[in-house]
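Derivation of every value follows stated rules applied to the coordinates shown; laboratory data play no part. None of these values were measured; they are calculated from a predicted model. Here Cβ is always computed from backbone atoms with ideal geometry, including for glycine, and neighbour counts include all displayed protein chains.
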Amino acid sequence: MSDCLFCKIRDGELPTEIVWQDDQALAFRDLHPQAPTHILVIPRQHITSLAAAKKPDAALLGHLQFSVAEVARLSGVAESGYRVVCNSGTQGGQTVLHLHLHVLGGRAMNWPPG
Ligand code: DGP
């Protein structure tokens, strides 16, 4: 999608260090980190949100979870623990309309989230 921020990052149009990638997904650091480790995992395919995902996307959604676990291992937070967040829609707090999973680690997380 031409006006999508994360599509631009995927296409190299915005200078962003990619910390992990494969043929279906990529990961990069959040611009406004909320934890010592804060990485975003996105599908290469433009899907607006979790709510917009369709049944044929199910395998990709599973792959994104696998990608999160891989990124957490590479970032050194797998053993200490981490949180995975997927904001969907306005009340879910989603601000960038390209499906993404937040990987947060490096500090203890609070519950319930705000
Ligand atoms: P959400 O609110 O769940 O849609 O999260 C969007 C996240 O994207 C937010 O934590 C900040 C991050 N972000 C916004 N613009 C950029 C950018 O240009 N580069 C990077 N690396 N992250 C961005």
Seminar exercise, completed: The condition of being more than 12 Å from the ligand (Cβ to nearest atom), within 21 Å of Ile9 (Cα to Cα), small (Gly, Ala, Ser) and touching a helix residue (DSSP H, G or I) at 6+ places or on another chain (Cβ under 7 Å) holds, among Ala52, Ala25, only for Ala25
Problem set entry | Residues of the stretch 30-43 that turn out to be under 17 Å from Val96 (Cβ atoms) and surrounded by 16 or more Cβ atoms within 10 Å (Cβ to Cβ), as a count | 6
Exercise. Among the residues of the stretch 57-64, is any closer than 24 Å to Met109 by Cβ, in contact with a Leu (Cβ under 9 Å, 6 or more places away or on another chain) and either surrounded by fewer than 18 Cβ atoms within 10 Å (Cβ to Cβ) or not basic (Lys, Arg) (or both)?
Worked result: yes
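Only one residue in Leu40, Leu64, Leu31 is closer than 21 Å to Lys8 by Cα, in contact with a Pro (Cβ under 8 Å, 6 or more places away or on another chain), within 16 Å of the ligand (Cβ to nearest atom) and not hydroxyl-bearing (Ser, Thr, Tyr), so which one is that?
Numbers: Leu40 fails: in contact with a Pro (Cβ under 8 Å, 6 or more places away or on another chain); Leu31 fails: in contact with a Pro (Cβ under 8 Å, 6 or more places away or on another chain).
Just a single option satisfies the conditions, and that option is Leu64.
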Exercise. When residues of the stretch 1-23 are filtered for being under 23 Å from Leu104 (Cβ atoms) and either exposed (fewer than 15 other Cβ atoms within 10 Å of the Cβ) or out of contact with any His (no Cβ under 6 Å at 6 or more places or on another chain) (or both), how many remain?
Worked result: 11
